[in-house]
1. Could you please find all residues in the range 139-160 being small (Gly, Ala, Ser) and in a loop (DSSP other than H, G, I, E, B)?
2. Return yes when residue 120 is surrounded by fewer than 24 Cβ atoms within 10 Å (Cβ to Cβ) and under 26 Å from residue 171 (Cα atoms) and no when it is not.
3. Can you list the helices (runs of 4 or more DSSP H) lying wholly within the range 9-102 that have 1 or more residues being among the basic types (Lys, Arg), at pLDDT below 95 and out of contact with any Pro (no Cβ under 8 Å at 6 or more places or on another chain)?
4. Checking residue 110 against (1) under 25 Å from residue 288 (Cα atoms); (2) of a type in the set (Gly, Ala, Ser); (3) at pLDDT below 95, which test does it fail?
5. The conditions are (1) modelled with pLDDT of 95 or more; (2) farther than 21 Å from residue 106 by Cβ, and residue 232 fails exactly one of them. Which is it?
6. Go over the candidates 6, 84 one by one and state the one that is in contact with a Gly (Cβ under 7 Å, 6 or more places away or on another chain) and either crowded, with 16+ Cβ neighbours inside 10 Å or of a type in the set (Ser, Thr, Tyr) (or both).
7. Go through the range 255-269 and count every residue that is in a loop (DSSP other than H, G, I, E, B), within 18 Å of residue 184 (Cβ to Cβ) and over 21 Å from the mean Cα position of the chain (by Cα).
8. Conditions: (1) surrounded by fewer than 21 Cβ atoms within 10 Å (Cβ to Cβ); (2) in a strand (DSSP E or B). Residue 112 meets all but one. Number of the miss?
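The values are calculated or read from the model by the stated rules, or taken from the named source; none is laboratory data. Predicted model, so just to flag it, every value in this text is computed and none were measured. FYI the Cβ positions are ideal-geometry reconstructions off the backbone, even for glycines, and counts take in every protein chain you see.
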Amino acid sequence: MDFLRPTTWREALAAKAERPGALPLQGGTDVMVEINFDVRRPEALLDLTGVAELREWSVAGGVCRLGAGVTYATVIDELGGALPGLAQAARTVGSPQIRNRGTVGGNLGAASPAGDSHPPLLAAGAAVEVESRERGIRTIPADAFYLGVKRSALEPDELIRAVRVPVAAGPQYFSKVGTRNAMVIAVCSFALALHPQERRVGTGIGSAAPTPLRAPEAEDFLSGELDWDAGGPSPSGRPAKGLDAGLLRRFGELCAAAAAPIDDVRGTAAYRRHAVAVMARRTLTWAWDDHRGRRAA
């Protein structure tokens with residue numbers, strides 16, 4: 001197995017163009033496990049950790065651009081305000097050592113349906129910036145990026161350069177079910193983002209279908225039912241108008257219906273559907289309470 005180690009982005013693109021079969025390596029938290037267990041044996045590894053620009057992030061025009069080499073630890077420490085849903089998901093990833101090495105770009109490249117960063121990226125309306133030496137840069141919406149189990153829309157000569165995520169204009173929440181409380185692969189996960197200025201809701205479901213996915217019918221239902229102008233806690237302490245028990249139940253049902261889970265060693269399809277519905281109701285409750293509180297402030 002050859003080991004390629006470019007130090008600039010141009011060198012990385014050239015290496016990928018010349019060796020399309022080379023497997024990109026960022027933190028290596030997924031790739032090295034697969035190699036060590038002989039699940040994958042690529043013709044070459046393309047180590048991108050020496051490309052400094054991939055570790056940079058910036059905010060402009062209401063969009064946060066995360067280089068493909070930005071680690072989970074950086075997201076947690078520096079981007080909790082701009083990207084709260086992604087930061088919450090990042091906190092659930094592995095151990096501190098994994099969070100210091102693992103990257104959002106690497107998670108996208110692996111395209112595992114269980115990847116923790118996928119649901120909040122979908123809910124926020126993110127887009128993946130990819131590039132090849134021959135065709136240049138193109139941007140792929142997150143909900144068009146995942147094609148199958150560990151398959152993405154990347155062409156053989158393309159590399160992920162960055163992910164573009166709108167800065168949060170409203171509450172965002174992430175929830176994950178696992179077999180224990182830490183250092184666990186998700187049995188299933190769910191993210192929700194409120195976009196009050198657009199009067200729109202975004203969702204993301206993980207580990208409950210062959211790909212991470214949104215729940216469009218649930219989003220449309222909820223966007224039209226919420227009382228976006230509601231503010232402050234109700235005197236009775238009950239949920240404000242637009243968030244009654246029937247609405248919560250229906251939203252959970254629609255989110256569960258969007259999933260296409262299977263039975264495997266981590267959980268049954270029935271359990272995953274049930275868990276998605278529960279997480280949808282919970283994250284909506286948290287987000288709506290947060291939204292009401294902000295309007296009352």
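1. To start, the set of residues in the range 139-160 that are small (Gly, Ala, Ser) comprises 142, 144, 148, 152-153.
Within the range 139-160, just 153 meets the criteria.
2. No; evaluated as a whole, the condition is false for this residue.
3. Numbers: elements: 9-18, 31-36, 72-78, 84-91, 96-101.
Of the helices (runs of 4 or more DSSP H) lying wholly inside the range 9-102, those with at least 1 residues that are among the basic types (Lys, Arg), at pLDDT below 95 and out of contact with any Pro (no Cβ under 8 Å at 6 or more places or on another chain) span 96-101.
4. (1)
5. The number of the failed condition is (1).
6. Exactly one of 6, 84 is in contact with a Gly (Cβ under 7 Å, 6 or more places away or on another chain) and either crowded, with 16+ Cβ neighbours inside 10 Å or of a type in the set (Ser, Thr, Tyr) (or both), namely 6.
7. Residues that pass the stated criteria total 2.
8. All conditions pass for residue 112, except number (2).
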